[in-house]
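The values are calculated or read from the model by the stated rules, or taken from the named source; none is laboratory data. Given the structure is predicted, the values throughout are model-derived calculations rather than measurements. All Cβ positions, glycine included, derive from the backbone under ideal geometry; neighbour counts span all protein chains shown. Please note that ligands, DNA and RNA were not included when accessible areas were found on the heavy atoms of the full protein model with its side chains. Shrake-Rupley method; radii C 1.70, N 1.55, O 1.52, S 1.80 Å.
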Amino acid sequence: MLRFPAMDEAARHARIRWWSARLLQLMGVEARHDGRPRGGATLVVANHVSWLDILALHAHCPQARFVSKADVRRWPVLGRLVASAGTLFIERERKRDALRVVHELAAALQAGQTVAVFPEGTTSDGHGVLPFHANLLQAAIAVEAPVQPVALRYRDAAHAVSPAVNYVGDVSLLRSLWWVACAEGLQVSARWLDAEGTRHADRRRLAERLAQRIGEGLG
């Protein structure tokens, strides 16, 4: 954490990839990837299942800057690591904050950066995809940056969709950590689908199409 700010971009990305893979390994989670990130100015969109999602994507796409809810910044250890990776934090309770984040996303994409979002806005049980919110997709449309969907799926030795990563409702981070640590053969699979253009796209239709593609990717 002390050396990270002084590193160049390549070194930072290498460090992000290392600590993401290492944390998954320490938690007993095997990461598998199908396909590859497009790289460059791309908005990555994924379904949201667990706090492990960012680690799973960073282990294969360390250059991605994520948009995350503001309270993640206050999590012990993970919050500091996520913030160090250039995460953009959003106050979901403040409607105007979404507009600020859209402008920051657009600026990052225009600068050639990869940015990742979870358009569901909350975690699901992993069995399917919740409806996508379209607001943040406007950033990609505004600068005509491509969007690449990713389907995240967790399984374990006994379940095709693992309940160990369930992070919905009133499940606390501590309880979720315990469930993950106790799971047998826990595995996360990230399926990188083909990117698509956003020129003249309607954000609501784009949101629906991306959710459908990810849902099909989970199947």
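The figures follow:
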quantity	calculated
Segment H103-C182, length gained on full extension (0.36 nm per residue, minus Cα span)	24.3 nm
Inter-label distance, nm, simple model (7 Å from Cα along the C-beta direction), R73/F4	1.4
Loop-exposed trypsin sites (Lys or Arg not before Pro) per DSSP, neighbour cap 10 Cβ within 10 angstrom, longest uninterrupted part of the chain	4-198
For the chain, share of DSSP beta bridges that run antiparallel, in % to the nearest 5	30
Where GluC sites (Glu not before Pro) in DSSP loops with at most 12 other Cβ within 10 Å are excluded, longest remaining stretch of the chain	1-92
Model label zone, A157; criterion: amide N under 14 Å from point 7 Å along Cα-to-beta-carbon; scope segment 18-49	28-30
Cα centroid separation - segment 120-164 against segment 174-219, whole Å	3
Per-pair calculated FRET efficiency, R0 = 41 Å: D194 and L26 via Cβ, rounded to 0.05	0.80
The chain, accessible surface, carbon-and-sulfur percent (1.4 angstrom probe)	50
Charge dipole (debye, nearest 20) of segment 1-123; +1 at Cβ of Lys and Arg, -1 at Cβ of Asp and Glu	240
